[in-house]
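The values are calculated or read from the model by the stated rules, or taken from the named source; none is laboratory data. The shown structure was predicted, so the numbers you read here are calculated from the model rather than taken from an experiment. Here the Cβ positions follow ideal geometry from the backbone for every residue, glycine too, while neighbour counts run over all protein chains shown. To get the accessible areas, we keep the full protein, side chains included, count just its heavy atoms, and leave off ligands, DNA and RNA. Shrake-Rupley method; radii C 1.70, N 1.55, O 1.52, S 1.80 Å.
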Amino acid sequence: MSDTTEKQAKEAPANPHVHSVDEEVGIVQQGGQLHTDLKGRHMQMIAIGGAIGAGLFIGSGSALYKGGPAALVIGYIIVGVMLLFTMQALAELAVLYPVNGAFYTYVVRFVDPSWGFAMGWDYAIAWLTVLPFELIAAGITIEFWRPDLNIAIWVTVFLVILAMIQIFGVRGYGEVEFILSMVKIAACTGFIILGIIINCGGVGDRGYIGAKYWYDPGAFKNGFNGFAGVFVVAAFAFGGTELVGLAAAESVNPRRAIPMASKQVFFRIAFFYIINLFILGLILPSNDERLKNASGAASTYSPFVLAIQDAGIAVLPSIFNAVITVSVISVANSCTFGSTRTMQAMAERGMAPKFLSYIDKAGRPIWCVVVQLVFGLLGYLGVASNGLDVFNWLLALSGLSYFFVWGSCCLAHIRFRLAWKSQGRSLKELPYTPPLGIWGSAIGLFLNIVCLIATFYNALYPSPSAQPDPAYFFQQYLALPIVIALYLGWKVYSGNWQMWVNLNDIDLNAGARPLEIEDEDEIEKKTWANLPMRILRAAF
């Protein structure tokens, strides 16, 4: 906490309004405070581990079927580059302002409170609804071995496990994510090696495959419609990478851990996503009819499992299915962290029910955790005959939400830099600056808008011969009317119809940890001698 914040906290009792809410930082002086128990290794694994889940291992199959192997790889590259710039922007803000709520707080401060309100609730709702989906997914993966057991049994088991993790607070979240991420990273690495062996004819009876499936059935399918359909799947697969920014307020050393984690995002995206999907497109044809069912939580139709089965390897499909089970539990763990920290920060600002702001002495936003676990009970909808139809509508909020959140992060960074310049501040005061600065955020914002437009087109015309279907469209684009309703709702409630926060009105000091003269010794000097080590740290 900065000196400014500490001073405000001490003076809080003198003013009942300041006692409840800090206008800029959004700190409610009641109960405990979030604990800073996350170490550098936790932050690095959160950056990659929170993202790898059903979206990659299952959802990529439907993207391959709709768009073809080239569209799959290109689409994931575009979203990956966009996310790289988003993470760089978020890193600069999180290092300077390691405050609770992270990007939600930045949007409120640097863009507009109403848009921040919309983004905060959009993000929280997305994680609230993803949790029951991940619980159902975990239960369905168990059906791979025990189809005779009811899914409700496993939803209960995993929900209890998740509740037990919350007992240990943020440290429990960090340790579980660290261990599970190691399993996922090992599996992705193993699949790349196995895929190369399969492609070269070392396993199975298909002989040398090479790039055969890129010619027949082809690199692209369904034209631009198929290509546009990749973006939402990719967004859902990458969702969670931004949690490293949300974890800044609970990091032991955000100034060191966050830049390191954000720099590694691109290299890890390139290795664990792009190379895996490229190999997948080489060994599994995009016209495989089984890929029609590779969506949601159907791990039996995971393209990774199908590719291994087609190679005739008896044991590995079960092992990879176990990895998928671990992955969805990991994402469920991230759900609880993402939603609870966002809701707690919003409650501190008066944008959510006041009781959600409470933090117990162990540093846990206990009532937010309760709300998230209650939403986990929606996992039992998977047992009902038409429950999944209802749940698919709830899940429609998640994939598209990430584009709005990532774009808003880039916009907040652009506005911050403009305010920093407008108020005569020097970039030398910033503890961390991304290589492309404000231009990287501009590219990230542009790519987010392009993805939203492509997704809008695909929601209207999912295939070249399709006609607009209102039910399908809103199931794909439901987040947009929700965001607009939230935005206008807070405008009406607050009575503030100003579109932007004026640059000169933005308080750049509250909650800030600018670079001091004595801190400059902590910054590693860039020399030729330490270049190999810096490259190694950036990559891994």
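How long is the gain from Val81 to Ile197 if the chain were fully straight, where each residue apart is worth 0.36 nm and the alpha carbon distance is subtracted?
Result for the pair: 38.9 nm of gain on full extension.
Excluding ligands, DNA and RNA, what is the solvent-accessible area per residue of the stretch 65-188 at a probe of 1.4 Å, expressed in Å²?
Counting only protein heavy atoms, the per-residue value for the stretch 65-188 is 26 Å².
For Ala471 and Lys354, calculate 0.36 nm times their separation in residues minus their Cα-Cα distance, and state this gained length in nm to one decimal.
38.5 nm
Pick out, in residue order, every one of the trypsin sites (Lys or Arg not before Pro) in the stretch 93-185 that is DSSP loop and has at most 14 other C-beta atoms within 10 Å; say none if there are none.
none
Considering just Cα atoms, how many Å³ per residue does the convex hull of the stretch 82-163 enclose?
Hull volume normalised by residue count: 136 Å³.
For the stretch 428-494, with all protein chains present and a 1.4 Å probe, just round the carbon and sulfur fraction of the accessible area to a whole percent.
73
Could you report the stretch 320-384's accessible area per residue, 1.4 Å probe, as an integer in Å²?
Accessible area per residue: 30 Å².
To the nearest 0.05, how large is the calculated FRET efficiency for Leu503 and Ile449 if R₀ is 25 Å and r is the Cβ-Cβ distance?
The value I calculate is 0.65.
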